[in-house]
Amino acid sequence: MLNNTQIRFCLDKMGEMFPDAHCELTHSNPFELVIAVALSAQCTDVLVNKVTKDLFVKYRTPEDYLRVPLEELQNDIRSIGLFRNKAKNIQSLCRLLLDEYDGIVPRDRDELTKLPGVGRKTANVVVSVAYNIPAIAVDTHVERVTKRLGICRWKDSVLEVEKTLMKKVPKEEWSDTHHRLIFFGRYHCKAQNPQCPTCPLLEVCREGKKRMKGREVVNG
């Protein structure tokens, strides 16, 4: 496991690599962000942005999503995985927003998780990106990178990863760290073929060292 000095080294290097890391889901307000993040489950941001380009023109408010039959909304997001379930959740989410929150996306994470299709990760993204409240959302990239580096344990649950990062990263850096971990995992420390030979974190990365050792054996 990395010590605090090594973790600081990793955070600083990621900051140098991705100083402009940000949420890549296209949106113009908290409501659009909730919809986009809900659609992004088990799906790429690129595909979600292709769909929401037209979706956010047709649907601008919670009322808009409830004016159409479920089948029509399903058809509008058909290219996205799990589109039937996501369409159902979106309409239920919009109904609850209108009934309980006057159509306004709540700023509180616990309130957000009451919305259909909104889990802890989605809620953390929304409070962080839309409302600038410090939070760390643990997606597949964040989980993979922190476990490979040794910031977290292999057996840690998603919630344990989040709590570990909240403990080891200064609160004012939570949101930036979340985005940088995602960019690092998405564009550098990929699930397949991570760029270990050129990685500036190789000297402290347990997984990278293991992979490079294996590569040296093969090359030898």
Completion exercise
Going through segment 97-124 in order, the residues found to be at pLDDT below 95 and within 14 Å of residue 179 (Cα to Cα) are 121, 122
Fill in the blank from the handout: Pairs returned, first residue in segment 8-30 that is within 17 Å of residue 55 (Cβ to Cβ), second residue that is open to solvent by 70 Å² or more (accessible area, probe 1.4 Å), beta-carbon separation under 9 angstrom, 6 or more apart or interchain, are 24/46; 26/53; 30/104; 30/107
Practice task
State whether the residues of segment 134-157 include one that is over 27 Å from residue 205 (Cβ atoms) and at pLDDT 95 or above.
Solution key: no
Practice task
Pairs only if they're at least six apart or on different chains, beta carbon under 8 angstrom, first in segment 47-74 and open to solvent by 70 Å² or more (accessible area, probe 1.4 Å), second of a type in the set (Asp, Glu); list them, first residue then second.
Solution key: 54/76; 58/64; 58/76
Fill in the blank from the handout: Filtering segment 88-137 down to residues that are touching a residue at least 40 places away in the same chain (Cβ under 8 Å) and touching a Lys or Arg at 6+ places or on another chain (Cβ under 6 Å) yields 131, 134, 137
Practice task
Kindly indicate whether residue 79 is among the small types (Gly, Ala, Ser), assigned to a helix (DSSP H, G or I) and open to solvent by less than 90 Å² (accessible area, probe 1.4 Å).
Solution key: no
Exercise for the section: Find all pairs meeting these conditions: Cβ atoms under 8 angstrom apart; at least six residues apart or on different chains; first residue within segment 143-165 and within 14 Å of residue 181 (Cβ to Cβ); second residue aromatic (Phe, Trp, Tyr). Expected result: 145/184; 147/154; 165/174
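Could you check segment 36-93 and list, in sequence order, the residues that are charged (D, E, K, R), over 18 Å from the mean Cα position of the chain (by Cα) and within 23 Å of residue 139 (Cβ to Cβ)?
53, 84, 88
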Fill in the blank from the handout: Restricted to segment 145-157 and to residues being open to solvent by 10 Å² or more (accessible area, probe 1.4 Å) and touching a helix residue (DSSP H, G or I) at 6+ places or on another chain (Cβ under 6 Å), the residue nearest to residue 199 (Cα to Cα) is 148
Fill in the blank from the handout: Of the candidates 164, 140, the one satisfying the condition of being touching a Cys at 6+ places or on another chain (Cβ under 8 Å), more than 25 Å from residue 29 (Cβ to Cβ) and not aliphatic (A, V, I, L, M) is 164
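The values are calculated or read from the model by the stated rules, or taken from the named source; none is laboratory data. Keep in mind that what you see is a predicted model, and the values were worked out from it rather than measured. Heads up, the Cβs are rebuilt from the backbone with ideal geometry, glycines too, and the neighbour counts pull from every protein chain shown. Quick note on the areas: whole protein, heavy atoms, side chains included, nothing else; ligands and nucleic acids left out. Shrake-Rupley method; radii C 1.70, N 1.55, O 1.52, S 1.80 Å.
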